[in-house]
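Comments concern the structure below.
The values are calculated or read from the model by the stated rules, or taken from the named source; none is laboratory data. Small disclaimer: the values here were computed from a predicted structure and weren't measured. Here the Cβ positions follow ideal geometry from the backbone for every residue, glycine too, while neighbour counts run over all protein chains shown. In case anyone asks, the SASA skips ligands and DNA or RNA and just uses the protein heavy atoms, side chains included. Shrake-Rupley method; radii C 1.70, N 1.55, O 1.52, S 1.80 Å.
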Amino acid sequence: MFSIGDVVRLRSGGFPMTIIGVRIPGDVATCRWVAPNGTMLSEDLPFAAIEEVMDAGHLDGTWELDGTHILNEAGTASVDFDGSINPLGAWADIPQLSTQARALGGAGGPMNAQAVALAARLNLLREGDGSQNLGDGSRTVNAALDDVFNVCRHGVEPVSQLSGVVDNTSQIQAAIHAANSHRSGRDIFFPSGVYGISGTVNLPIGGRRVWCSPSTRFVALADVVMFDLNPAADPYAIEATSQSYGEWYGSHFLTAAALPDESAACFRFFGVREMKFYNVRAGDGSKRSFREVFEFSGLGGHLFQNTRSILNKRTFHVPHWSDDVISGPVTTTRLTNTNVILAAGQQVAYVNGGWNRWVLDGGFVNGAAGSKVLHFTNNIDGQGLWFTSLNMEQLAENCTFIYLQDVGGPQVSSVEIEDTVFKGDPEGGGAAAVALERVHRVKISTGRMEQTRARGNWKIKADQNCRYLSWSRDQNMAGQAGCEFLFPRRYLQAGPVVERLQLTIPGWAGESRGSDSVQLSMSTLLGGDFPTEAPPVGYDLLISARDSGSSTMVNRGVEIGVASATPRQFRVRVNLTGIPDNHVVTEAFYAPADGNGDIFIQTFASGVGTLAVWVQVRGIYN
C-alpha cells in the first residue's frame, strides 16, 4: 500500500512524514520527520495509523464530486476532501481559531470556517447580491469586467509582428458598433498586437475609456485620420454635438513604410470636452511619420500626459474649425512631460484656432531648422499661457523655440515662461529663443538663454506692438544682450506721474443702473506735465472703483479703451459685478491712447450717484 518516499501523516493529524523503510509482512512503515525545534525524528508506524498526504499537484485541474470524495483530473481520490466551498456572496466576519479549536473539517467544521467567510466575501465582490452593485453603491468585479469591451473577442484579429500587418479597419469599426449596441459609452480594450488602419475609425469617446496594452501598435496604411473621437461634431451646433469626459491610455502609432513622409494623423476630436491622453507615442525615428498626432478644436479642459513624438510634422494642432462660425475656444489645456524629437520645419504645437489658459509643464524638445517649435497665435480672451520646466535644446538656424502672435490684450492674466532652458547659438543665425508679435504682459524668469547677437541670433525678439515685458536679470538673461525690443519704451518718474485722480463723469444723467462715458485728455491725465515731446502711445494705469450697490450688480464696472468706438471685448475692465457694496476694487492696466494721447472711459453703475472711480497714472509709453 505504501512505498519508500511517500509522504504520509497520522490519520489523527500531525506533521507530514516521509517513509524511509517498509516491512512486509507486518505492514509497518518507518517514518521520518522534522520537529518544530529542528530535531530529526523517526518512528515505526503501522499502515492502519497513517494516510497519504495529498501534494499541491492534486489541487490543480478540474475537480468533480464522486459520492463522498473529490476526484482530480487524473481520477485520484482522497478522503481529505468531500466537497467544494462556494457560499452565497456576503460580507461575512472572518473567525479566528482559538487554541482549543478541534481540527475538524466538513461543512460545519472549524477548519473550514475561515475559508467559507473569505469565499463569501469574494463571491460578493465578484457577483454581488444578485445585481451588479454592492450594498455601498460600488460595482462588482463581473460588472466592471463587463464594462470593458475586448475588441479581440469580437472579431478583431491583430498580428504579432509589424512585418505581417493587415488591414483591421472594418473589424475595429464593427467591434465598436457592437460595443455601442450593448451599451453606449462602454470602455474598450485593445490587447497587445499590431492593428492596421486604412480608413478613419469613428469612435465616439463621450464617457468612455480606451485601454491599450503597452505593446499595442496602430499602423496607418493610408493617408487618413486614424481615430475620430467625435464624428458627429458640428461647429454650428457645438454644444448639441459635443462629447465629454473621454480617456485614452497607451498605444504606439506608426505609419506604413510605403506611405509618404508626414502623412496621416493619429487623432481628431472636434467639440470634445475634457479629453485625457496618457502615454501615447507616435513615430519611431525611421522616417518622418505623421502630419499630425493630435488635431482638435472647440471646447477644452484637456490633459496630455507623457506624450512621446518622434519626427512628426506637428504633435498638437488646433486649427480654425470653421471659417464662418466661432466654434468655441480650446480652453484650460495642459501638456505634461512632453518629449518631442523634430526634423527641419516640424513643430511641437501650432495653436491658432482660438484658445486660452494653456499650460506646458515639463519635457524635452530639440530645435530644427526653419521651425517655429511652439507657435501660439490668436488668443481669444487673454486668460493666460504658461511654459514651465521645459528643456529646449539644439536651437537651429532660422528656428524659434517659442513664437507668440496676438497673445494677451486687454484682458490678459499673463504669459509666463519660467524654469525653462533654451540652449543653442547656431552659426547660421536667424534663430530666437522667444519671438513676440503683438503680445502683452510677458514674464520670463529663472531660465537660461545662450543665444548671442554676434551670430545673428536673439534671446528675446519683440516687435513694436508688444507691451509689458519683464525678464530675469540672472541666469544668463541679464540686460538686453542678445535681445531686440522694437516696442515703445516705458517712461516712469520716481513716483507716479499723477498721484491719484478722482474721476467725475460730466455727462452723467443720473438714470438708475445707467452708464456714461468721458474722454480723458492727455492734459487731464498728466496734469500739464509732458515728459515727452510727442503724445504718449499709452499709459500704465492703476484704476480703483467702488459702487454702493455692487453686490446686486450684473455686468457693471468701469471699461477703458482707445475711443468710444473700441469694441467692448478689446477694452480693459474693472469688474464690480457681485462685489460687496462699497468695496474698492483696484486693477493695473496698460491702456493704449489715441493719436492725441487721450483715452476713453465708460462706467456702468448700479444706480444714481453710486459709483466712484480713481485713476492713477504710474507711467507712460512713447
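Search the structure for amide H atoms under 5 Å from the amide H of Arg441, placed 1.01 Å from N in the peptide plane, and list their residues when 5 or more places away or on another chain.
Arg467, Tyr468
Could you look at segment 369-409 and say what percent of its accessible area is carbon and sulfur, using a 1.4 Å probe and all protein chains?
Taking all protein chains in place, segment 369-409 shows 39 percent carbon and sulfur surface.
What does the accessible area per residue of segment 208-291 come to in Å², with a 1.4 Å probe and no ligands, DNA or RNA counted?
38 Å²
For the pair Gln161 and Leu41, how long in nm is the line joining their label points, each one 7 Å along Cα→Cβ?
Placing both labels 7 Å along Cα→Cβ, they lie 6.1 nm apart.
Spelling out what I want: for every residue of segment 250-263, take phi, set θ = phi - 60°, compute 6.51 cos²θ - 1.76 cosθ + 1.60 (Karplus), and round to whole Hz; glycine and proline get x.
So the J values, rounded to whole Hz, are x, 4, 10, 9, 9, 10, 5, 4, 6, 6, x, 4, 6, 10.
Can you give the Rg to Rh ratio for segment 148-278, taking only C-alpha atoms and Rh from Kirkwood?
Checking Rg against Rh, the ratio lands at 0.96.
Can you tell me the equivalent ellipsoid semi-axes for segment 6-49? Use √(5λ) from the Cα gyration tensor, largest first, whole Å. The partial results should precede the final answer.
Values: eigenvalues 71, 27, 11 Å².
Equivalent ellipsoid semi-axes, largest first: 19, 12, 7 Å.
Leaving out ligands and nucleic acids, and using a 1.4 Å probe, what accessible area per residue does segment 6-49 come to in Å²?
Result: 63 Å² per residue.
When the accessible area of segment 6-49 is computed with all protein chains present and a 1.4 Å probe, what percentage of it is carbon and sulfur?
The C+S portion of the solvent-accessible surface of segment 6-49 is 57 percent.
At 1.4 Å probe size, put Tyr539, Tyr350 in order of accessible surface, largest to smallest. It would help to have the intermediate numbers written out before the result.
On the way: Tyr539 0, Tyr350 50 Å².
Result, largest first: Tyr350, Tyr539.
As a test of reading the structure, rank Lys423, Lys443 by solvent-accessible area (1.4 Å probe, protein chains only), most first.
From most exposed to least exposed: Lys443, Lys423.
Taking 0.36 nm per residue of sequence separation and subtracting the Cα-Cα distance, how much length would be gained by fully extending the chain between Arg618 and Asn86, in nm to one decimal?
Gain on extension, Arg618 to Asn86, equals 183.5 nm.
So for each of 152-158, 453-459, 95-101 I average, over its residues, the number of other beta carbons within 10 Å; can you give me the resulting order with the highest mean first?
453-459, 152-158, 95-101
Roughly what would the spin-label model give for Thr241 and Val7, points 7 Å off Cα along C-beta, in nm?
Simple spin-label model gives 6.8 nm for this pair.
Heads up, I need the accessible area for Met522: 1.4 angstrom probe, whole protein in place, Å², nearest 10.
Around 40 Å² of this residue is reachable by solvent.
Asp93: accessible area at probe 1.4 Å, nearest 10 Å²?
Estimated to the nearest 10 Å², Asp93 gives 130 Å².
Which residues' amide hydrogens lie under 5 Å from the amide hydrogen of Gly538, considering only partners 5 or more residues apart or on another chain, with H built in the peptide plane?
Amide H neighbours of Gly538, under 5 Å, 5+ apart: Ala593, Tyr621.
Sorted by accessible area with a 1.4 angstrom probe, largest first, how do Glu393, Glu559 fall?
In descending accessible area the options line up as Glu393, Glu559.
Provide, as a two-decimal number, the C-alpha radius of gyration of segment 257-393 over 2.2 N^0.38 Å, N being how many residues it has.
Ratio of Cα Rg to 2.2 N^0.38 Å: 0.99.
Between Ile94 and Arg32, what is the label-point separation in nm under the 7 Å Cα-to-beta-carbon projection?
Between Arg32 and Ile94, the simple spin-label model gives 3.8 nm.
Take peptides 580-588, 114-122 and line them up by average Cβ neighbours within 10 Å, highest first, as a rough protection proxy.
114-122, 580-588
Diagonalise the Cα gyration tensor of segment 369-409 and give the resulting equivalent ellipsoid semi-axes, square root of 5 times each eigenvalue, largest first, whole Å. All intermediate terms of the calculation are to be shown ahead of the outcome.
Working: eigenvalues 100, 35, 5 Å².
So the equivalent ellipsoid measures 22, 13, 5 Å along its semi-axes.
Can you give me the convex hull volume of the Cα atoms of segment 147-214, divided per residue and expressed in Å³?
Given the Cα convex hull of segment 147-214, per-residue volume reads 79 Å³.
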